[in-house]
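A quick write-up on the structure given underneath.
The values are calculated or read from the model by the stated rules, or taken from the named source; none is laboratory data. As the structure is a prediction and not an experimental result, all values here were calculated from the model. A quick note on method: Cβ atoms are made from the backbone with ideal geometry, for glycine too, and the neighbour counts reach across all protein chains shown. Accessible surface areas use protein heavy atoms only, side chains included; no ligands, DNA or RNA. Shrake-Rupley method; radii C 1.70, N 1.55, O 1.52, S 1.80 Å.
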Amino acid sequence: MNSIAYPKQDNLPARLMQLARRPSVGNVLAATTGTAAAQMVTMVFAPVVARQYGPAAFGAVGAFMAVLGVLAPVASLTYPIAMVLPRSDADAKGIARLSLLIALFVAVLLAAALGTSGDALAQRLGLESIRDYLMLLPLAVFLSAWMQVAEQWRIRKKQFKTAARVAVLQSLIVNASKVGVGVFYPVASVLVVVATLANGLYALMLGIGMRSTLAADAGPAEPRGLRQLARDHHDFPLYRAPQVCINAASQSLPVLMLASLFGPAAAGCYALGRTVMSMPIRLIGKSVGDVFYPRFTEAAHKGQPLGPLILRATGFLAAAGLVPFAVVMLLGPWLFSLVFGRDWLVAGEYARWLALWLYFGFLNRPSVAAIPTLGMQRFFLGYEVVSLVLRAAAIWGAFHWFHSDVFAVAAFCILGAGLNAFLVAATITVCRSSGAGQGDGRRSVVQQAAR
């Protein structure tokens, strides 16, 4: 009797092992694992910190971080982002030095301005709640620029395992400091000081962990001077710095407007909701974006098709984020009151709407990472200007017509979701329509990086 021939079954474990051995997948796993552990540390401490300090203290530190978020990108004019592009490590180090020199100059100017007219600025900008902490801003701005330089060098050298270890240790130190000091002195100033020093601590530990990568590399040619490097990457201060600054203002807008229109408790609830709901972005989205940026740039250098790369990365994030964001949209108020206490029920209401907006923000990480290589920075700047105006109008309109903080947050988030979806679609369209290495903007960036 003839035997029946069955079709061969795919060896799924072997295929998974083969997939895991790919460098890009391994890098994403390393980065995601470290970020997950760091976020787990933060989540373990978060209920204790929330109960110790309360919504008003969170509102103050939220307002401080909102102002820092607007100033920090300007400190180095976003030159650190360009560190991934040059073929030569020596040129990348030159960009790092240029970034830190600019940041030091900006920090000194900011200190002088705050020292002479800090009170007047706080009153004019509605920042009375953080008036006592304004002189910490110059230090925080410089430390933030230092962290950006360390981060971009880490991305360039693909030191994802080192970054994972540093992220966990830094999170443990920062959160333990909040809880330890909060036992005796649970006030907003503690959170502000810890937030100021956190970036510097991360940069220091990351630099120590990557010291072996700092060996000199002359590259294919002699390293260029700082002036030449500044000119070669002029599109970063010209387009990317204003874009990032406007984006930061747009992200910070709800905290500052809620504090001004509805009080510090509303700002604190939003700050906690935003912190919790941003965790998937920091956990997976940022890891994918960090790995995707050098891989995308390398593919553009080689003239490879870019459309499939960005589609795969975006599709992966769409699937990975669907369940966690949907759960918060359904159960946000109950989850927040259970974990953080009844005082934070409003934060759960905000989180429902934040989940909608941040899901699409989660999807756009590959698109944002691809923009420098695609030469879309002028478009990105225009996009951010329009976004800022529309988002401010949404919050003000909700306040004026409904006098409701929940309506204000909902309007801001629905609009933000639509804008993020548009950005993803526009970037994918550019990748697919221009072909490998054919887009004018992308060709100009790649040629500039190859000099």
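Counting only residues that are touching a residue at least 24 places away in the same chain (Cβ under 8 Å) and not in a helix (DSSP H, G or I), segment 225-245 holds 2 of them.
Taking residue 414, is it out of contact with any strand residue (DSSP E or B) (no Cβ under 9 Å at 6 or more places or on another chain), in a helix (DSSP H, G or I) and modelled with pLDDT of 90 or more? Let's see the steps before the verdict.
Values: out of contact with any strand residue (DSSP E or B) (no Cβ under 9 Å at 6 or more places or on another chain): yes; in a helix (DSSP H, G or I): yes; modelled with pLDDT of 90 or more: yes.
Yes, satisfied.
The residues of segment 330-351 that are within 20 Å of residue 46 (Cβ to Cβ) and either polar (S, T, N, Q) or surrounded by fewer than 22 Cβ atoms within 10 Å (Cβ to Cβ) (or both), listed by number, are 331, 333, 334, 335, 337, 338, 339, 341, 342, 343, 345, 349.
State whether the residues of segment 56-64 include one that is open to solvent by 10 Å² or more (accessible area, probe 1.4 Å), touching a residue at least 12 places away in the same chain (Cβ under 8 Å) and among the β-branched types (Val, Ile, Thr). The answer is yes, given that some residue of segment 56-64 is open to solvent by 10 Å² or more (accessible area, probe 1.4 Å), touching a residue at least 12 places away in the same chain (Cβ under 8 Å) and among the β-branched types (Val, Ile, Thr).
Here is a yes/no grid of residues against (1) under 30 Å from residue 276 (Cβ atoms); (2) open to solvent by 30 Å² or more (accessible area, probe 1.4 Å); (3) modelled with pLDDT of 80 or more:
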{"position": "6", "(1), (2), (3)": "no, yes, no"}
{"position": "15", "(1), (2), (3)": "no, yes, no"}
{"position": "23", "(1), (2), (3)": "no, yes, no"}
{"position": "31", "(1), (2), (3)": "yes, no, no"}
{"position": "36", "(1), (2), (3)": "yes, yes, no"}
{"position": "54", "(1), (2), (3)": "yes, no, yes"}
{"position": "69", "(1), (2), (3)": "yes, no, yes"}
{"position": "72", "(1), (2), (3)": "yes, no, yes"}
{"position": "90", "(1), (2), (3)": "no, no, yes"}
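Remark: residue 150 matches the filter, which requires a residue to be among the small types (Gly, Ala, Ser), under 23 Å from residue 101 (Cβ atoms), out of contact with any His (no Cβ under 9 Å at 6 or more places or on another chain) and open to solvent by less than 30 Å² (accessible area, probe 1.4 Å). Within segment 325-381, the set of residues being more than 25 Å from residue 237 (Cα to Cα) and polar (S, T, N, Q) comprises 337 only.
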